[in-house]
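Okay, structure first, notes after.
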Amino acid sequence: MENYRLRFAPSPTGPLHIGGARSALFNYFLAKKHKGCFVMRMEDTDLERSNKASEKNIKDSLKWLGMDWDEGIDIGGDYGPYRQMERLDIYKEAIDKLLAEGKAYYCFCSEDDLTSEKEAQQQRGETPKYSGKCRNLTKEQQQELLDKGTPHVIRLNVPKGEQIVVHDLVRGDVSFETDGIGDFIIVKSDGIPVYNFAVVLDDVTMKISHIIRGEEHLSNTPRQIAVYNALGYDVPKFAHISLILGRDDEGKMTKMSKRHGSTSVVAYQQQGFLPEAIVNFLALLGWSPDGEEELFTMDELIKQFSLEKVSKSPAVFDIEKLKWINGMYIRKASAERLLEYGLPFLKKAGLVKRNPKMAEMIWAMMSIDALKNHITCFSELPDIINKYRSKVSYDDEVAAMVKENRETVMTVMNAMKAKLEEYKTLNSDTYKQILKEIKNETGIGGRDLFHTIRLAKTGEGEGPDLDKLAVIMGRDLMLERTKEFLTFAENI
RNA sequence: GGCGCGUUGGAGAAGUGGCUUAACUCACCAGCCUUUCACGCUGGCAUCCAGGGGUUCGAAUCCCCUACGCGUCACCA
């Protein structure tokens, strides 16, 4: 029985990206499905761009989405430490070994030389790669340059004229020529190993069994395999999942980036998306379930997920679908949760005070509940409420209704006005009572009654239940709207 | 430019040689349900799988070419 150990290894150079979250999710699914281990590690060898704030953001987002790691930063584990900068001695040992065996060598070429070399190669239409100039330096020459303190890097001596085949779980066998790779750098001039080298050591020492990551890493994989080979380690199983594409301003599909608006998990969090909706949506990006159901809890996803059902073609980030999924989860959410997620938006919009009184809280709770069937994310709440509480401008549809059905409309609305003047306070039940009374007294019911009232009060044919609308608007506003409508109708 | 990957409807996407008269989901349309709206339910929505050639009794599925899209070629990860 194979021991499943998977990992998510972001670099802390920015907030958790949607694509990163999906990679993490797929790794998490597979680990949990096989009762394995989900490791969380940080690749922070880029000193310039790495920062603690990003690390925190990534951790917070992972937790918010419900991906708790079994092993890794903060909580430790048997194969730590879990930040690359804390693992330098592990890399050093491996590098010394490679150097001693002649599988790696010092390179003293200056950056300028390298750049001009690269440009020349590109002009000739060749794949730019290192010429191997320093490969044949003698021990003495090397030592001399080292003693003089010449800046240098360390390169891997990649076998020439060979083929490296990546056995990819989603794309099948993909082969690369080592000649297209060249002797790449494994240690930078500041003495810190480069990603392609460190990642291998980490995955080996942490006993990672499967590596699920974005397709952009596919062309890196042969380099990493060259490192595994040089070190004499077994290669883990790879699975490269397709990129997430977005539509840019011109409608073209490109890799999701800043050009497509929000790309970080927090951005969606702030817009009022539910974590389970994002998890569900992300799972559907490049993976498809068996049946016709598309709404899944985390547990169901873990049970259903399999790499066989992961698609090779790029996945498109469809915000409309995300909204639909989110709307479905909002409808299912409990009143407490709705309030928890919705209230901040109402406060921000000034619809509810910072420290609301009980009555305000109740109003907020009922309003959110009334609108839960009509929103796709919580940020829509204030606009809708404001719309119902501001003056209505009646359009042609309303005018047409009045013309066609003048008598009924006037009867209903006059009765409504009378009732509202009679009832000084209003709640859901009293409003239902009013509707019933109007129906009994006028003999008008059904669509003639409900649709007329809705159109008169909101100018729209669609919206929440009328008794709930009454709570959102309140009695005074409803009376005002009713009078305004009557004036409007009389002038038609 | 080299290397690598992809291309199924308005959109996402299933399908890996015959069960496909191309699932399912979103959107859209029609009907039912609901005293209204929404939810839910039922039905409609690709004569066709980027284009061309080939293999085969049979291809969206295999092979070749072309086009287009994307990724990658860093002392970034």
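General observations
- Accessible-area composition of region A:278-401, carbon plus sulfur, in percent [1.4 Å probe]: 53
- Region A:170-245, accessible area per residue, ligands and nucleic acids excluded (1.4 Å, Å²): 33
- Region A:446-470 versus region A:215-243: alpha-carbon centroid distance in Å: 61
- Positive minus negative residues near residue A:233 (Lys, Arg vs Asp, Glu; Cβ under 15 Å): +1
- Its relative contact order, with pairs defined as Cα atoms under 8 Å and 6+ residues apart, puts chain A at 12 percent.
- Whole-number percent relative contact order across region A:1-52, with pairs defined as alpha carbons under 8 Å at least 6 apart: 53
- C-alpha long axis of helix A:111-123 to longest principal axis of chain A, angle in °: 80
- The residues packed around residue A:79, meaning those with a beta-carbon under 14 Å from its beta-carbon, carry a net charge of 0 if Lys and Arg are +1 and Asp and Glu are -1.
- Under 5 Å, built H, 5+ apart or other chain: amide partners of residue A:211: A:237, A:238, A:239
- Region A:392-481: relative contact order in percent, alpha carbon pairs under 8 Å with at least 6 residues between: 41
- Between region A:129-186 and region A:1-35, the alpha-carbon center distance in angstrom: 30
- Working note: 222 nm ellipticity from helices only, DSSP H runs with n ≥ 4, each -39,500 (n - 2.57), summed and divided by the residues of chain A, gives -15000 deg cm²/dmol to the nearest 500.
- Using alpha carbons only, the radius of gyration of region A:363-411 set against its Kirkwood radius gives Rg/Rh = 1.15.
- Under 5 Å, built H, 5+ apart or other chain: amide partners of residue A:130: A:183
- Whole-Hz Karplus values for region A:289-303 come out as x, 6, x, 9, 6, 10, 9, 9, 7, 4, 4, 5, 5, 4, 5 Hz, taken residue by residue from phi with 6.51 cos²θ - 1.76 cosθ + 1.60 and θ = phi - 60°; glycine and proline positions read x.
- Working from the Cα coordinates of chain A, the gyration tensor eigenvalues give, after taking √(5λ), semi-axes of 64, 22, 20 Å in decreasing order.
- Using θ = phi - 60° and Karplus 6.51 cos²θ - 1.76 cosθ + 1.60, couplings along region A:343-360 (whole Hz; Gly, Pro as x): 3, x, 6, 5, 5, 4, 7, x, 7, 9, 6, 3, 10, x, 7, 3, 4, 5
- Couplings 3J(HN,Hα) of region A:43-53, computed from phi: 9, 10, 7, 7, 4, 5, 9, 6, 7, 5, 4 Hz, in residue order, whole Hz [Karplus 6.51 cos²θ - 1.76 cosθ + 1.60, θ = phi - 60°; x for Gly and Pro].
- For chain A, A:37, A:109, A:377 have no disulfide-compatible partner, since no other Cys C-beta lies under 4.7 Å from theirs.
- Temperature 37 °C, viscosity 0.692 mPa s: under these conditions the Stokes-Einstein estimate for region A:286-368, based on its Kirkwood radius over C-alpha pairs, is 208 µm² per second.
The values are calculated or read from the model by the stated rules, or taken from the named source; none is laboratory data. Here the structure is a predicted model, which is why all the values come from computation and not from measurement. Ideal geometry is used to build each Cβ from the backbone, glycine not excepted, and the neighbour counts take in all protein chains shown. In case anyone asks, the SASA skips ligands and DNA or RNA and just uses the protein heavy atoms, side chains included. Shrake-Rupley method; radii C 1.70, N 1.55, O 1.52, S 1.80 Å.
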